Structures are given as C-alpha cells and as structure tokens.
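Structure first, commentary second.
The values are calculated or read from the model by the stated rules, or taken from the named source; none is laboratory data. Source: prediction; values computed, not measured. Heads up, the Cβs are rebuilt from the backbone with ideal geometry, glycines too, and the neighbour counts pull from every protein chain shown. Calculation scope for accessible area: heavy atoms of the full protein, side chains included, ligands and nucleic acids excluded. Shrake-Rupley method; radii C 1.70, N 1.55, O 1.52, S 1.80 Å.
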Amino acid sequence: MIKADLSIIILTFNEENNIVDLLDSIREITQNIFVVDSYSTDSTMKILDDNNRKWVQRSLENYSNQRNWA
C-alpha cells in the first residue's frame, strides 16, 4: 500500500489500553503521526516512545483548544 502524504494528530490522556490498536490501525496510512498528550499518568507515553512516535504534552483546557493548538 502506498502511504499518503497525510498527517494524523491524536489527542491522548491515559490511553494505554487503546493506543497500540490505534497505532496499528493507521500504520499503513502514514508514518506522520503526532500525539498531543494531556499529561497521562499511565504508560501511554512509554508506548508511544516504544513505537517511535512524536509527542508533546500540553495541559487540556478543553477539547477544542487542544485540537486547534495541535
């Protein structure tokens, strides 16, 4: 499959139970995946690091502001 010139932004907070399945489901679409995390306290960040994903942490005011910032 040809990977699209597409960027995917993912907002997370304590998503350790879901993030691996999500990353697997979009792996064939693009490698340009950027995560904005709201200071997860679980292993979300370790999972992202283990999967070589770019991420930043930012406090969540509300969903709209977080998405617009990303």
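Quick notes on this structure:
- Scaled radius of gyration (Cα, divided by 2.2 N^0.38 Å) that the chain gives: 1.09
- The chain - charge dipole about Cα centre, Lys and Arg +1 at Cβ, Asp and Glu -1, debye rounded to 20: 260
- Accessible area of ARG58 (1.4 Å probe, protein heavy atoms only, ligands and nucleic acids ignored): about 50 Å².
- Summed residue charge, Cβ within 9 Å of THR44's Cβ, Lys/Arg positive, Asp/Glu negative: -3
- Within the chain, helix-based [θ] at 222 nm, where runs of 4 or more DSSP H residues each add -39,500 (n - 2.57), nearest 500: -8000 deg cm²/dmol
- Mean separation of Cα contacts under 8 Å (6+ apart) over length of segment 11-70, as relative contact order %: 40
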